[in-house]
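The values are calculated or read from the model by the stated rules, or taken from the named source; none is laboratory data. Remember, it's a predicted structure, so these values are computed and weren't measured experimentally. Quick reminder, even Gly has a Cβ in these numbers, built from the backbone with ideal geometry, and neighbours come from all protein chains shown. Protein only, heavy atoms only, side chains kept; ligands, DNA and RNA dropped before computing areas. Shrake-Rupley method; radii C 1.70, N 1.55, O 1.52, S 1.80 Å.
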Amino acid sequence: MRELLLFLHVLLATFWVGGMIFLSLVVVPYLKDKPQIRDEAFQEVGRRFSFYGTFLSLALLFITGMGITHLIQGGFRPSILFKLALFFVVVAVSLLHDLWAGKKAVESETHRLWARRLGIANLVLSVLLVLLGVLIRLGY
Ligand code: HEM
């Protein structure tokens, strides 16, 4: 059971973090000079990643994270509690990005800028969650 939970946890983490890196390095630069399709593409890609990323992957990362906390790490300690707190920040930033800034980005330049800032903040915070996962694994 713990092998399956850790496998799923790492797989979901690669989808979530890898997805955001792909968006930043591949999708955004490609759409930058294509105003005729940019807004519709951002809304469609954003809607899909919001469903599979924010709503599905983050929920499953929480469930598998709680499972491996107990089945592998024997319960909470400060490093895991810190990771959990940071995780809730990532959830809040994702919801702000998906349900507020990202949704209104077509209509207003301010929302488009906030969508960009929240997206970059979430990528940095999620990479920190990976680092914390590695440190927890190594006994911190
Ligand atoms: C966006 C959210 C998250 C990401 C990207 C993430 C990523 C990772 C990664 C990549 C590892 C594997 C590290 C390794 O094997 O060296 C890991 C381990 C771990 N994660 Fe997460 N994680 C997330 C959320 C959570 C949550 C919500 C918890 C719950 C408290 C959690 C608890 C743990 C624990 C306890 C380990 C160590 C597992 C072990 O002993 O091998 N994670 N995490």
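Starting from the eigenvalues of the Cα gyration tensor, five times each then square-rooted, give me the equivalent ellipsoid semi-axes of region 73-127, largest first, whole Å. Display every interim value, and only then the final one.
On the way: eigenvalues 179, 17, 7 Å².
Here the semi-axes work out to 30, 9, 6 Å.
I'd like to verify something in the chain: which complete DSSP H helices, judged by Cα projection on the helix axis, reach 24 Å or more and average at least 1.6 on the Kyte-Doolittle scale? Display every interim value, and only then the final one.
Values: long enough: 2-22 (29 Å, 1.63); 78-96 (27 Å, 2.38); 109-137 (42 Å, 1.11).
Span-like helices in the chain: 2-22, 78-96.
How many nm separate the modelled label positions at Leu95 and Arg116, each set 7 Å beyond the Cα in the direction of the Cβ?
Spacing of the two 7 Å Cα→Cβ label points: 2.7 nm.
What number, in percent, do you get for the relative contact order of region 2-137 if the mean sequence gap of Cα pairs under 8 Å and at least 6 apart is divided by its residue count?
Numbers: 91 pairs, mean separation 40.6, N = 136.
That works out to 30 percent.
Please state the equivalent ellipsoid semi-axes for region 2-137: what are the square roots of 5 times the Cα gyration tensor eigenvalues, largest first, in whole Å?
Working: eigenvalues 191, 39, 28 Å².
For region 2-137, the semi-axes come out at 31, 14, 12 Å.
As a test of reading the structure, rank Tyr140, Tyr30 by solvent-accessible area (1.4 Å probe, protein chains only), most first. It would help to have the intermediate numbers written out before the result.
Numbers: Tyr140 150, Tyr30 125 Å².
These residues rank, largest area first, as Tyr140, Tyr30.
What 222 nm value per residue comes from the helices of the chain, counting each DSSP H run with n ≥ 4 as -39,500 (n - 2.57) and dividing by all residues, nearest 500 deg cm²/dmol?
Result for the chain: -24500 deg cm²/dmol, rounded to the nearest 500.
For region 1-80 and region 96-124, what is the centre-to-centre distance using only Cα atoms, to the nearest Å?
Using only Cα atoms to place each centre, the spacing works out to 17 Å.
If you line up the Cα atoms of region 1-61 on their principal axes, what length do they span on each, largest first, in Å?
The Cα atoms of region 1-61 stretch 49, 19, 9 Å along the principal axes, largest first.
Any lysines with Cα under 26 Å of the Lys34 Cα? List them, leaving off those in the same chain fewer than 8 positions away.
Cross-link targets: Lys103, Lys104.
On the accessible surface of region 2-137, probed at 1.4 Å, how many percent belong to carbon and sulfur atoms? Spell out each step's value before the answer.
Details: 6100 of 8310 Å².
Of the solvent-accessible surface of region 2-137, carbon and sulfur hold 73 percent.
With Cβ to Cβ distances under 14 Å as the rule, what net charge do the other residues near Leu118 carry (K, R +1; D, E -1)?
Details: positive: Lys103, Lys104, Arg112, Arg116, Arg117; negative: Asp98.
Surrounding charge for Leu118 is +4.
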